[in-house]
Amino acid sequence: AQRVTQPEKLLSVFKGAPVELKCNYSYSGSPELFWYVQYSRQRLQLLLRHISRESIKGFTADLNKGETSFHLKKPFAQEEDSAMYYCALGQNTGFQKLVFGTGTRLLVSP
Amino acid sequence: DTEVTQTPKHLVMGMTNKKSLKCEQHMGHRAMYWYKQKAKKPPELMFVYSYEKLSINESVPSRFSPECPNSSLLNLHLHALQPEDSALYLCASSHPAGGSYTEAFFGQGTRLTVV
């Protein structure tokens, strides 16, 4: 069965500090991993997907198949990064079925 | 237009009412989804339509009835709901692209309260 684990419910850091939001997954097939972000009063939106290997808003995430992890990192957090972050595992079987982790709330204080 | 639009934004209904949630996208996406999100929980998949055909029903009770009248519209018909069905209902869409899929685009959601 596929499962996504985000061990931290809340991560609180000061502005300028490095950030790492952890995500581990279990899946028997070839995984497609995503990070979605939900800012206050806004819709859920894609931040990163592993196949694109982009850096968005200073965030990066590397898929480590050996450790079954897809941690989200940013070297210097900004106050506007405060949001709910969901790691998600996708199955492409004629459509894209997403399984979400429980989410980590990132709070960046001035 | 890269938006998924959901109406209404808020809905309060009694347990004997019949209501419908609507979702619309004009991105040409051929997969559309309903997710349910309870407070402080992640979204959970309910239904998937692929090319206007129901592809997945994640064991959702029959008081929830999805409908995909065309490639741009997705409805969720509600009947005889229970208070525990109160949640944020999210619609999303995506499309095949280069052997994979585009990202899932989510709507703002309909916040449903069953009284």
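The values are calculated or read from the model by the stated rules, or taken from the named source; none is laboratory data. As the structure is a prediction and not an experimental result, all values here were calculated from the model. A quick note on method: Cβ atoms are made from the backbone with ideal geometry, for glycine too, and the neighbour counts reach across all protein chains shown.
Taken together, the criteria place residue A:59 among residues that are surrounded by 13 or more Cβ atoms within 10 Å (Cβ to Cβ) and of a type in the set (A, V, I, L, M, F, W, C).
Looking at (1) touching a residue at least 60 places away in the same chain (Cβ under 8 Å); (2) within 10 Å of chain A (Cβ to nearest Cβ); (3) within 21 Å of residue A:103 (Cβ to Cβ), can you tell me which one residue B:110 breaks? Of (1) touching a residue at least 60 places away in the same chain (Cβ under 8 Å); (2) within 10 Å of chain A (Cβ to nearest Cβ); (3) within 21 Å of residue A:103 (Cβ to Cβ), only one is false for residue B:110: (2). Among the residues in the stretch B:94-106, are any surrounded by 14 or more Cβ atoms within 10 Å (Cβ to Cβ), in contact (Cβ under 8 Å) with a residue 12 or more places away in the chain and on the phi > 0 side of the Ramachandran plot? There is no residue in the stretch B:94-106 that is surrounded by 14 or more Cβ atoms within 10 Å (Cβ to Cβ), in contact (Cβ under 8 Å) with a residue 12 or more places away in the chain and on the phi > 0 side of the Ramachandran plot. Being part of a strand (DSSP E or B), touching a residue at least 24 places away in the same chain (Cβ under 8 Å) and over 30 Å from residue A:10 (Cβ atoms) is a description that applies to residue B:78. Only one of the numbered conditions (1) outside any strand (DSSP E or B); (2) closer than 21 Å to residue A:39 by Cα; (3) of a type in the set (A, V, I, L, M) is violated by residue B:112, and that is (1).
Filtered by the rule that a residue be assigned to a strand (DSSP E or B), over 12 Å from the mean Cα position of the chain (by Cα) and small (Gly, Ala, Ser), the stretch B:19-69 gives B:50, B:55. When the residues of the stretch B:55-75 are filtered to those that are within 11 Å of chain A (Cβ to nearest Cβ) and over 20 Å from residue B:112 (Cβ atoms), which remaining residue is surrounded by the fewest Cβ atoms within 10 Å (Cβ to Cβ)? Within the stretch B:55-75, the match that is surrounded by the fewest Cβ atoms within 10 Å (Cβ to Cβ) is B:55.
Please indicate, with yes or no, whether at least one residue in the stretch B:97-104 is part of a loop (DSSP other than H, G, I, E, B), among the hydrophobic types (A, V, I, L, M, F, W, C) and touching a Ser or Thr at 6+ places or on another chain (Cβ under 6 Å).
Yes, the stretch B:97-104 has at least one match.
Counted as qualifying within chain A are the strands (runs of 3 or more DSSP E) with 2 or more residues that are more than 14 Å from chain B (Cβ to nearest Cβ) and at pLDDT 95 or above, namely A:10-14, A:19-21, A:72-74, A:104-109. Scanning the stretch B:15-29 for residues that are of a type in the set (S, T, N, Q) and surrounded by fewer than 16 Cβ atoms within 10 Å (Cβ to Cβ) yields B:16, B:17, B:20.
Criterion first (in contact (Cβ under 8 Å) with a residue 60 or more places away in the chain and in a strand (DSSP E or B)) does residue B:16 satisfy it?
Considered against the rule, which asks whether it is in contact (Cβ under 8 Å) with a residue 60 or more places away in the chain and in a strand (DSSP E or B), residue B:16 comes out as no.
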